[in-house]
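Below is one structure, written out as C-alpha cells; comments come after it.
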Amino acid sequence: MVSAVLTTFIGYKIVLQAKKLKLAETFYIPEKTKISKTTCFWQLFGIGWGATGYCPGPSITALSTFNMDPLYFVIGMLLGSFIYWLIFDYPKK
C-alpha cells in the first residue's frame, strides 16, 4: 500500500509540473473530494481481500479444500454483497 501511494504521489507531482503532456491534451484531476458511501464499501472489500489473501473467484474454488479460511471469506463476501444490495440497489425498485 505504501508503495502504491508513494508511486501515485510522485506521478502526480511529475505530471502537474509538466508544461505539456505527451499522451494527452489535458490532465484530468477528479473534482469530487468527499468520500461517498460506495467508496467506503469498496475500501472494506479491498481490506477484506488483502487481509485474507483471497481473490473473489479463486476463493470459491478454494472451498474445495475444506479449509475454514476461504469459507469465512466467501461468507463475508456474500454478506457484504447483500448489505450493499440492501443499501444501494433495493431502494431503487
Q.
Suppose the filter is among the acidic types (Asp, Glu) and under 19 Å from the mean Cα position of the chain (by Cα); does Asp89 pass it?
A. yes
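Which of the helices (runs of 4 or more DSSP H) contained wholly in the range 27-93 include at least 2 residues that are in contact (Cβ under 8 Å) with a residue 24 or more places away in the chain and surrounded by 12 or more Cβ atoms within 10 Å (Cβ to Cβ)?
Values: elements: 37-52, 56-62, 68-84.
Those helices (runs of 4 or more DSSP H) span 37-52, 68-84.
On the given criteria, is Gly53 on the phi < 0 side of the Ramachandran plot and either within 17 Å of the chain's Cα centre (by Cα) or of a type in the set (Asp, Glu) (or both)? Reasoning before the result, please.
Working: on the phi < 0 side of the Ramachandran plot: no; either within 17 Å of the chain's Cα centre (by Cα) or of a type in the set (Asp, Glu) (or both): yes.
No.
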Q. When residues of the range 1-26 are filtered for being in a loop (DSSP other than H, G, I, E, B) and either over 30 Å from Phe88 (Cβ atoms) or small (Gly, Ala, Ser) (or both), how many remain?
A. 9
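No value in this document is a laboratory result; all are computed from the given coordinates. Keep in mind it's a predicted model, so treat the numbers as computed, not measured. Reconstructed Cβ throughout: ideal geometry from the backbone, glycine too, with neighbour counts over all protein chains shown.
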